[in-house]
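In what follows, a single structure is set out as structure tokens and then discussed.
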Amino acid sequence: MLDAPDLVTGLAGRGYHTVCIGGTGFFNQKNPLGRVLPGLFSEAHWAPELGVTDPRSTENQASLAVKILGALPREQRVFLFINVSALHQPNRHYVPGATEDSKATQAAALAYVDGQLGPLFQALRRRGPAFCIVCSDHGTAYGEDGYTGHRLGHPVVWTVPYGEFVLPVDSAP
């Protein structure tokens, strides 16, 4: 049990180095709202190349995470939180010629994300104990019940795509 007001503070209190790699504007630290969640972490990162308009955002986010993990002592416990921006609108740049976001561009964005996480998983398996949350910040409606977008109250928007995991350390050198 963590005796803290939130997960990040609780894990920091247990000796975890906490790292946030933001993607959407809620992590840009340029305004009070953009500093709230990142402000809980030991280190927080956001830059345009990690954001929603960069077609290589997940590659950039994973590369940054690998760099950070590589600089930390192996025995240091880590809590790594990544807000995957590629799943957010706009995602039409993942389908050549698409002019609007759609279920197909969302699926292509997800396939792109899946293809970029391998180096991160390898780095986590090499280094040792790390607890990770990799997530979007919300879902998006693409015609469900007549709704489109993400600034609305619908279960497909409220359902946040995410994964939480601790990868085992490879025993091979």
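List of remarks:
- Residue ID - nearest to the chain's Cα centre (by Cα), chosen from residues in the stretch 77-99 that are of a type in the set (A, V, I, L, M, F, W, C) and assigned to a loop (DSSP other than H, G, I, E, B): VAL84
- Members of the stretch 1-51 found to be among the basic types (Lys, Arg) and farther than 21 Å from VAL84 by Cβ, listed by number: ARG14
Listed here are the residues, each with its yes/no results for (1) without any contact (Cβ under 8 Å) to a residue 40 or more places away in the chain; (2) surrounded by fewer than 16 Cβ atoms within 10 Å (Cβ to Cβ); (3) in a helix (DSSP H, G or I).
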residue	(1), (2), (3)
VAL66	no, no, yes
GLU75	no, yes, no
ASP101	no, no, no
PHE121	no, yes, yes
GLY153	yes, yes, no
VAL160	yes, yes, no
ASP170	no, yes, no
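- Of all residues making up the stretch 14-56, the number that are in contact with a Pro (Cβ under 9 Å, 6 or more places away or on another chain), within 23 Å of ASN91 (Cβ to Cβ) and of a type in the set (Gly, Ala, Ser): 1
- Within the stretch 123-150, the set of residues being in a loop (DSSP other than H, G, I, E, B) and free of Cβ contacts under 8 Å to residues at least 60 places away in the same chain comprises GLY128, PRO129, SER136, HIS138, GLY139, THR140, GLY143, TYR147.
Read-outs throughout are calculated quantities, based only on the coordinates presented, and are distinct from any laboratory measurement. What you are looking at is a predicted structure, and each value in this text was computed from that prediction instead of being measured. Note that we place each Cβ from the backbone using ideal geometry, even for glycine, and neighbour counts take in every protein chain shown.
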